[in-house]
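These notes concern the structure reproduced below.
Please treat every number below as a calculation from the coordinates, not as lab data. Worth saying up front: this structure is predicted, and the values here are computed from it rather than measured. Positions of Cβ are generated from backbone atoms using ideal geometry, with glycine treated the same way; all protein chains shown enter the neighbour counts.
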Amino acid sequence: MCKFRRVRNVYSCGHGITLPEEEIRCDSEKCKFSPNHPATCVPPQCLRTCWQYHQFPELYSPHIDALCPTCAAAQ
Ligand SMILES: [Zn+2]
Ligand SMILES: [Zn+2]
Ligand SMILES: [Zn+2]
């Protein structure tokens, strides 16, 4: 089932930058958002057989051992 991935880079200066949300696709035929979901599967049947929602988003906050672009530019 598909989900979103949210990445927030945290820099050594303490600032963070949130990257644009990425959509992670699954390959399930039973997921409305999947590329393998049949085009013939439409409501009301789809509502009963398939996932209609994204999974809880994945959150990442990797620490980058550098100044953020704003602080690096101000140096
Ligand atoms: Zn999916
Ligand atoms: Zn469906
Ligand atoms: Zn900074």
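Sequence-distant contacts, meaning Cα pairs under 8 Å at least 6 residues apart, place the relative contact order of the chain at 43 percent. Taking trypsin sites (Lys or Arg not before Pro) across the chain, the ones in a DSSP loop with at most 15 further Cβ atoms lying within 10 angstrom of their Cβ are 25, 30. How high is the FRET efficiency between residue 55 and residue 75 when r is their beta carbon distance and R₀ equals 30 Å, given to the nearest 0.05? Between residue 55 and residue 75 the formula returns 0.15. For the residues 50, 26, 13, a GNM of the chain with alpha-carbon springs under 10 Å puts the largest fluctuation on 13. Taking 0.36 nm per residue of sequence separation and removing the Cα-Cα distance, the residue 63/residue 40 pair yields an extension gain of 3.8 nm. When the alpha carbon coordinates of the chain are projected onto the principal axes, the ranges are 59, 17, 17 Å, largest first.
Loop-resident GluC sites (Glu not before Pro) (DSSP state other than H, G, I, E or B) in the stretch 1-58 with no more than 13 further Cβ atoms inside 10 Å of their Cβ: 21, 29.
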